[in-house]
Each structure stands twice: as C-alpha cells, then as structure tokens.
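Trainee: One structure coming up, written as structure tokens, with questions to follow.
Bear in mind that the values in this text are calculations on the coordinates, not laboratory data. A quick note: this is a predicted structure, and the numbers were derived from the prediction, not measured. Virtual Cβ from ideal backbone geometry, glycine too; neighbours counted across all protein chains shown.
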Amino acid sequence: MSRKLALVHTGLGVVEGIVAIVKELSPETEIINIVDDTIVKAIAANDNVVPPAIFRRMTTYFVNAEEAGANAALLTCSSISESVDVSRPFVQIPLFKIDEPMADKAVGMADQIGVVATLRTTLEPTKRLILARAEKLGRQVTLRERLCKGAFEAWQRGDGPMHDRIVKDAITELLVECPVVVLAQASMARVVQSLGPAQDRVLTSMRLGITRAVEHLRAGT
C-alpha cells in the first residue's frame, strides 16, 4: 500500500524541487501539496514575530493534511518551523520540520556554526532551532550569522545571478570563521555547487529533511 506525504509550503518557488526529491527517494509515495504564500509576508509585517493567527492557520493545514489521508506531513519552510511544535497535539500523524535534520548534522559537526539567510523571518527561527537541538543533544554551540541584504529582493524580481552572488559572498565569509555553515532557506541551495571543495562544509535543509520524512514513511511507523 502506498503512503501519503503532505508537503506544507509557504511559497511556490520550492514546490517543484521538493516534489522531485521526494519522487527520487521514494517513487511510490503519494504527495499532497498545501501552499500558502502569504505566511512569510505576514510574519515580516509583524516585526518578524509570528502572529497567533498564523499558528492557528498552520495547525489547520496539518489537520487538513491528516483529513486528506496523509500518513505524515513535512513543513518545507524554516520561517514557521515552530508551528510544528504548536500543531502536534492536534493531529495523530507525525509532523516533520525540513530544517531539523540539518540542524542536528551541524551540531554534530562543530561547536561554532554559521547561519546564512536572505530573510530575517527565517534567520531567527533557524538560530533558535539550532540552539534547541544542541541543547537536546547535550552540545554547546555558538552561532555566527549573515543576513544577505538585497538577495531576497533580487530573487523576487527574477535576478537569480544577483541573488546567488550575494549569498555566495556571505557563505564564503562565514566559512573563514566557522567549520560549518547552514543555509536557512531551501532556495539558497542552488549556490552550493559553486563553492567547490568547500561545499562539504555547507549544509542545506531540503534533501536532509525530505530523507528523514521519507524514511519514516518507508518504515511504516
């Protein structure tokens, strides 16, 4: 019997890439996509603090996923990953954060971790997640950050090369200071291949997060 995975997105830009990885890792998995591209804007408009209404809305999406027959749900956005913790008591299916495996791997690699983001709405939750996972794993870590000013705006207007240059410069700077750098948004993963040998020290959430969810589905638990 095939298993169903609900993917909850806050933007259309990552849907195709994430679906492709799910299909690559587990062709038999049925996919349910739920997209709300107003979430990040609402958080940014609230001084980068998630309004209670957004948490309620996200909980509704996870409930909808369960009612649609999903065996698990994966939140693909780091800006709102804490909504998974809020929503878990309201559903029976397991909920996954796409960036949690990345955080765990980073904590296992180094005690000084760089965090790169193009949005403050994603930077802060990613930092909190890494610190929380470090505490759970009994590790002490320090974080260094880079907010790539202008990169998100370039991405929005379709200027991919400009976005990539800004992000690459930020990653390169942090790699001088930190043994490992994490990218707070899935959209930034496209830059990694341009880093040469240093790419082994740069972690992205997409494949790691999807792999954890798919492995859970395959185990049938």
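Trainee: What is the sum of charges, Lys and Arg at +1 and Asp and Glu at -1, for the other residues whose Cβ falls under 11 Å from the Cβ of A70?
Mentor: Details: positive: R3, K4; negative: E30, E66, E67.
The answer is -1.
Trainee: If you look for lysine pairs in the chain that are eight or more places apart or on different chains, how many of them have Cα atoms under 27 Å apart?
Mentor: 22
Trainee: Normalized C-alpha radius of gyration of region 100-204, against 2.2 N^0.38 Å? Could the numbers behind the result be given before it?
Mentor: Details: Rg = 13.0 Å, N = 105, 2.2 N^0.38 = 12.9 Å.
Compactness ratio reported: 1.01.
Trainee: Next up: Between region 192-221 and region 113-150, what's the alpha-carbon centroid distance in Å?
Mentor: Cα centroid to Cα centroid, the span is 17 Å.
Trainee: For the peptides 199-208, 130-139, 116-125, what is the packing order when you average, over each peptide's residues, the other Cβ atoms within 10 Å and list the highest mean first? Before the final figure, lay out each step's value.
Mentor: On the way: 199-208: 19.5, 130-139: 15.6, 116-125: 24.5.
Order by mean packing, descending: 116-125, 199-208, 130-139.
Trainee: Loop only by DSSP, 13 or fewer other Cβ within 10 Å of the Cβ. Give me the GluC sites (Glu not before Pro) in region 1-110 that pass, ordered by residue number.
Mentor: Working: sites: E16, E24, E28, E30, E66, E67, E82; in loops: E28.
Passing both the DSSP loop test and the Cβ count: E28.
Trainee: Quick one: if you take sqrt(5λ) for each eigenvalue of the C-alpha gyration tensor of region 54-156, what semi-axes come out, biggest first, whole angstrom?
Mentor: Numbers: eigenvalues 139, 71, 20 Å².
Three semi-axes, in Å: 26, 19, 10.
Trainee: Once every Cα of the chain carries one equal point scatterer and solvent is ignored, give the base-10 log of I(q)/I(0) from the Debye formula at q = 0.07, 0.12, 0.15 Å⁻¹, two decimals.
Mentor: Those come out to -0.20, -0.62, -0.98, one per q.
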